[in-house]
Amino acid sequence: MDHGRTTSNCHSPAPGDGRDWEVLAAVAGSELGFLTLHYKNWGWPALISSAFWVTVVSFAYEIFKQGYIHLALPMILALFCTRLVSDLLFGAVLVHYVVRLLVRAYAIQPA
């Protein structure tokens, strides 16, 4: 019997609940990374710069949004380092190798 309960515990985000700002922070960080090198380098330096700035900008946003500011400094540094490693892995290394595979498959032209 259902008894009026829903079967899903999913929470659909309400408009304006902060997810838009998280995306904006990531985009701003990515653009800062490429801007740092004046949009002239699309290789490893630009990808690493972009991943670094995505980490800095998004972490700065979340330090207040998620309440990280109330944690001990070693924990904040551990969270930052974890995020940096993740952004480097998924935003630089993975992107580099996907682009390399696409170039080898003639799906895109090399820059």
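Please treat every number below as a calculation from the coordinates, not as lab data. Note that the coordinates shown come from a computational prediction; the quantities given were computed from them, not determined experimentally. Every residue, glycine among them, receives a Cβ derived from its backbone with ideal geometry; neighbour counts consider all protein chains shown.
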In the range 40-111, the chymotrypsin sites (Phe, Trp or Tyr not before Pro) that fall in loop regions by DSSP, at most 12 other Cβ within 10 Å
Tyr106
Ascending count of other beta-carbon atoms within 10 Å, so fewest first, for Leu84, Leu47:
Leu84, Leu47
Ranking Val57, Val103 by Cβ neighbours within 10 Å, fewest first, what do you get?
Val103, Val57
For Leu89 and Ala105 in the same chain, what is the full-extension length gain: residue separation times 0.36 nm, less their Cα-Cα distance, in nm?
3.5 nm
Ranked Lys40, Lys65, criterion: other C-beta atoms within 10 Å, fewest first:
Lys40, Lys65
Starting from the Cα of Leu79, step 7 Å along the direction of its Cβ; do the same at Glu31; then give the gap between the two resulting points in nm.
2.6 nm
